[in-house]
């Protein structure tokens, strides 16, 4: 299908189900997550890149005779998925670490030996911006092929001022050149670089570099919307994380945290106390952390593929978070070491089978709450009047098939702002 001209309407007809996720333009909490607002027998009109109305096909054809008709052929139309946590800008994959973990070498021990994040840091520092853009582009297209229309991308494999700026500039180029909606996050606090770990006062020196040089420069160039910190025992302490995030907020950046991934350390409580937009991972969150997130506006972003790939049996306590009243989102954590997946349908499967979410809860987590985790819930995540025309069409008869077909991509087409993002012409059967 050719791209619509500016001002030209799209009329989506023939969908067996339209999963609207319609409702308040904010994170959905607790029982609010149980309703994905699935409708049948309706058409959707998108005009000037935004959803104009939903209703009877004949009425919409009559009211918009100029619209380009998109025949959904009995498939399921959903909001485009929002992948609110990725590390999609990296160099080489780290496949050798999978065997080390299988042999019983712990994640933090691999990092201590110079593997893990440190390996990706060495690799990225040796590459130029053009190389990073060229490597990331096909990976992002694979993410789009799974139904994702919005993706967050973090820096964090540079860990010097120049390499972090290089990474964020590459992300800015990708955002300008691809149809995906891309949200950039500064993650200079992804690790303490090895060269600083080897010095007596190195940790304090690197935190000072983040606060005094990196964050002001990133903010001055407008290269990121968020700042993130890996708040985890053995990485950044709660107090170090607090200092970095407070500096980021002072420079106009919104806040995210990697929190309580492998060990509980108070990261979730810090996220809630600071009013962070999201706290991510949370496999080792405490009861106090769950209660803190439930009382806050912070979205709990869960990354179940990471724990599966690491061979961990413990997942984030999604049911306790949802039942306690927290807002839960799902994201891929796509990265070269611990979650090398571009499959959002796999996330839906794990959300249901491992996190014990209902299909409706998983869909809300993948759309509305993913958007809230990026502070864009007023813009995308719903098929409702006024929202961006970010849609995905899937080769299934019932939306419950999306998590059922384990590991399969059933997205045949997607649109961002009413313009084509992904297309794979597979007849609906």
* Among the residues of the range 187-201, is there at least one that is under 16 Å from residue 89 (Cα atoms), out of contact with any strand residue (DSSP E or B) (no Cβ under 9 Å at 6 or more places or on another chain), without any contact (Cβ under 8 Å) to a residue 60 or more places away in the chain and crowded, with 20+ Cβ neighbours inside 10 Å? -> no
* Selection status of residue 359, buried (at least 17 other Cβ atoms within 10 Å of the Cβ), touching a helix residue (DSSP H, G or I) at 6+ places or on another chain (Cβ under 8 Å) and more than 20 Å from residue 183 (Cβ to Cβ) -> yes
* To do: Please state which of the following conditions residue 280 fails to meet, knowing it meets all the rest: (1) at pLDDT below 95; (2) within 21 Å of the chain's Cα centre (by Cα).
  => (1)
* To do: Out of the residues in the range 204-232 that are in contact with a strand residue (DSSP E or B) (Cβ under 9 Å, 6 or more places away or on another chain) and in a helix (DSSP H, G or I), state the one that is farthest from residue 114 (Cα to Cα).
  => 219
* Asked: more than 23 Å from the chain's Cα centre (by Cα) and modelled with pLDDT of 95 or more, is that true of residue 101?
  -> no
* Any chance residue 207 is surrounded by 15 or more Cβ atoms within 10 Å (Cβ to Cβ) and touching a residue at least 60 places away in the same chain (Cβ under 8 Å) -> no
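This table checks each residue for (1) part of a loop (DSSP other than H, G, I, E, B); (2) closer than 26 Å to residue 156 by Cβ.
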| residue | (1), (2) |
| --- | --- |
| 41 | yes, no |
| 46 | no, no |
| 54 | no, no |
| 62 | no, no |
| 86 | yes, yes |
| 91 | yes, yes |
| 104 | yes, no |
| 123 | no, yes |
| 130 | no, yes |
* Asked: Can you spot a residue in the range 295-308 that is in a loop (DSSP other than H, G, I, E, B), modelled with pLDDT under 95 and surrounded by fewer than 24 Cβ atoms within 10 Å (Cβ to Cβ)?
  -> no
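The rows are residues; the columns are (1) out of contact with any helix residue (DSSP H, G or I) (no Cβ under 9 Å at 6 or more places or on another chain); (2) touching a residue at least 24 places away in the same chain (Cβ under 8 Å); (3) farther than 28 Å from residue 197 by Cα.
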residue: 71; (1), (2), (3): yes, yes, yes
residue: 76; (1), (2), (3): no, yes, yes
residue: 134; (1), (2), (3): yes, no, yes
residue: 138; (1), (2), (3): yes, no, yes
* Structure fact -> Across the range 210-243, the tally of residues that are over 25 Å from residue 373 (Cβ atoms) and buried (at least 24 other Cβ atoms within 10 Å of the Cβ) stands at 0
* Does residue 127 meet the test of being within 23 Å of residue 390 (Cβ to Cβ) and touching a residue at least 12 places away in the same chain (Cβ under 8 Å)? -> no
* **Failed condition for residue 313, given (1) under 26 Å from residue 407 (Cβ atoms); (2) in contact (Cβ under 8 Å) with a residue 12 or more places away in the chain** => (2)
* Output yes when any residue across the range 70-82 is part of a loop (DSSP other than H, G, I, E, B), loosely packed, with under 15 Cβ neighbours inside 10 Å and not assigned by TED's automatic domain parsing to the domain that holds residue 336, and no when none is. => no
* Asked: For the range 104-122, how many residues meet the condition of being touching a residue at least 60 places away in the same chain (Cβ under 8 Å) and either more than 25 Å from the chain's Cα centre (by Cα) or not assigned by TED's automatic domain parsing to the domain that holds residue 179 (or both)?
  -> 1
* To do: Quick one: in the range 338-349, of everything that is in contact with a strand residue (DSSP E or B) (Cβ under 8 Å, 6 or more places away or on another chain) and farther than 14 Å from residue 400 by Cβ, which residue is surrounded by the fewest Cβ atoms within 10 Å (Cβ to Cβ)?
  => 347
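The values are calculated or read from the model by the stated rules, or taken from the named source; none is laboratory data. Not measured: the values here are computed from a predicted model. Glycine gets a Cβ as well: all are built from the backbone with ideal geometry, and neighbour counts include every protein chain shown.
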